[in-house]
1. Suppose we filter segment 160-189 for residues that are small (G, A, S), assigned to a helix (DSSP H, G or I) and open to solvent by less than 70 Å² (accessible area, probe 1.4 Å); how many remain?
2. Quick one: D114 ticks every box in (1) under 26 Å from the mean Cα position of the chain (by Cα); (2) within 30 Å of G88 (Cβ to Cβ) bar one, so which box is it?
3. Does segment 78-88 hold any residues that are in contact with a strand residue (DSSP E or B) (Cβ under 7 Å, 6 or more places away or on another chain) and either of a type in the set (A, V, I, L, M, F, W, C) or modelled with pLDDT of 95 or more (or both), and which are they?
4. Out of segment 106-121, which residues are in contact (Cβ under 8 Å) with a residue 12 or more places away in the chain, over 22 Å from V96 (Cβ atoms) and part of a loop (DSSP other than H, G, I, E, B)?
5. Are any of the residues in segment 80-96 over 15 Å from A129 (Cα atoms), open to solvent by 30 Å² or more (accessible area, probe 1.4 Å) and under 18 Å from the mean Cα position of the chain (by Cα)?
6. Part of a helix (DSSP H, G or I) and open to solvent by 90 Å² or more (accessible area, probe 1.4 Å): is that true of Q157 in this structure?
7. Give, as residue ranges, the strands (runs of 3 or more DSSP E) completely inside segment 1-91 that count at least 1 residues that are in contact with a His (Cβ under 6 Å, 6 or more places away or on another chain) and either touching a residue at least 12 places away in the same chain (Cβ under 8 Å) or farther than 25 Å from L136 by Cβ (or both).
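The values are calculated or read from the model by the stated rules, or taken from the named source; none is laboratory data. Because the structure is predicted, anything quoted here is derived from the model rather than measured. Ideal geometry is used to build each Cβ from the backbone, glycine not excepted, and the neighbour counts take in all protein chains shown. These area figures cover heavy atoms from the full protein model, side chains too; ligands, DNA and RNA do not enter into them. Shrake-Rupley method; radii C 1.70, N 1.55, O 1.52, S 1.80 Å.
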Amino acid sequence: ETDEKIARALEIGSEFLGLPIGFFTRIDDGILEIVQSTGEHPLLQPGEQCPIEEAYCQQTVKLDEPFATHDAAASSISERAVEMLGLGTYIGAQIVVNDELYGTVCFADEDERDDPFSEAEEVFQELLAKLVSSELERGTYEREIERRNEQLKREKQRFEGIAEASFDILFRLDLDAEFTYVSSAAERI
């Protein structure tokens, strides 16, 4: 479900910004990996990796706001990244999950734009990144709840096994003073 929502966000972003390439990345230990993408650029497909220093996203991860350029060759993006990817236009924003940098969500085109990105486009990019961040946090939270529920279930089974083997009478009452659990020792006695 999270993957579908991110794919849809990339489609919406590409359409809104008029940029054919959209990509969602994960950054781990200085390596940027494309997780999902739209568009046909061969180096911006899922599974592709590079050091963050060789990526357009290098500038994005330094800022708390979107990084946008309508002329990448004239921007602060590394010459190596521009030569390797050949993108003329780029806008990207950080993905932050649980207060930690997770990656980026970016849009690009091989051609330069005539005009810089508008404030509305930059705000859109920032909101889209926050939406993706929230979705990833929600997924992390749900997995943690699931893990804890499984742990509680195992603990309950362990307790019930101990209670059944015990010679002590164990029972549980609900708020209406109804028995909800009685150990087998009570039956023996």
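1. Residues in segment 160-189 being small (G, A, S), assigned to a helix (DSSP H, G or I) and open to solvent by less than 70 Å² (accessible area, probe 1.4 Å): 5 in total.
2. (1)
3. Looking only at segment 78-88, we keep the residues that are in contact with a strand residue (DSSP E or B) (Cβ under 7 Å, 6 or more places away or on another chain), and these are 87-88.
Correct list: L87 only.
4. Scanning segment 106-121 gives E110, D111, E112, R113, D114, D115, P116.
5. Checked against the condition, which is being over 15 Å from A129 (Cα atoms), open to solvent by 30 Å² or more (accessible area, probe 1.4 Å) and under 18 Å from the mean Cα position of the chain (by Cα), segment 80-96 yields no hits at all.
6. Working: part of a helix (DSSP H, G or I): yes; open to solvent by 90 Å² or more (accessible area, probe 1.4 Å): yes.
So Q157 passes the test.
7. Working: elements: 21-28, 31-38, 49-51, 67-69.
Here the list reads 21-28.
Each row is one residue, and each column tells you yes or no for (1) surrounded by 15 or more Cβ atoms within 10 Å (Cβ to Cβ); (2) touching a strand residue (DSSP E or B) at 6+ places or on another chain (Cβ under 9 Å); (3) among the aliphatic types (A, V, I, L, M).
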residue: T2; (1), (2), (3): no, no, no
residue: E11; (1), (2), (3): no, yes, no
residue: G18; (1), (2), (3): no, yes, no
residue: I21; (1), (2), (3): yes, yes, yes
residue: R26; (1), (2), (3): yes, yes, no
residue: G30; (1), (2), (3): no, yes, no
residue: H41; (1), (2), (3): yes, yes, no
residue: P46; (1), (2), (3): no, yes, no
residue: Y56; (1), (2), (3): yes, yes, no
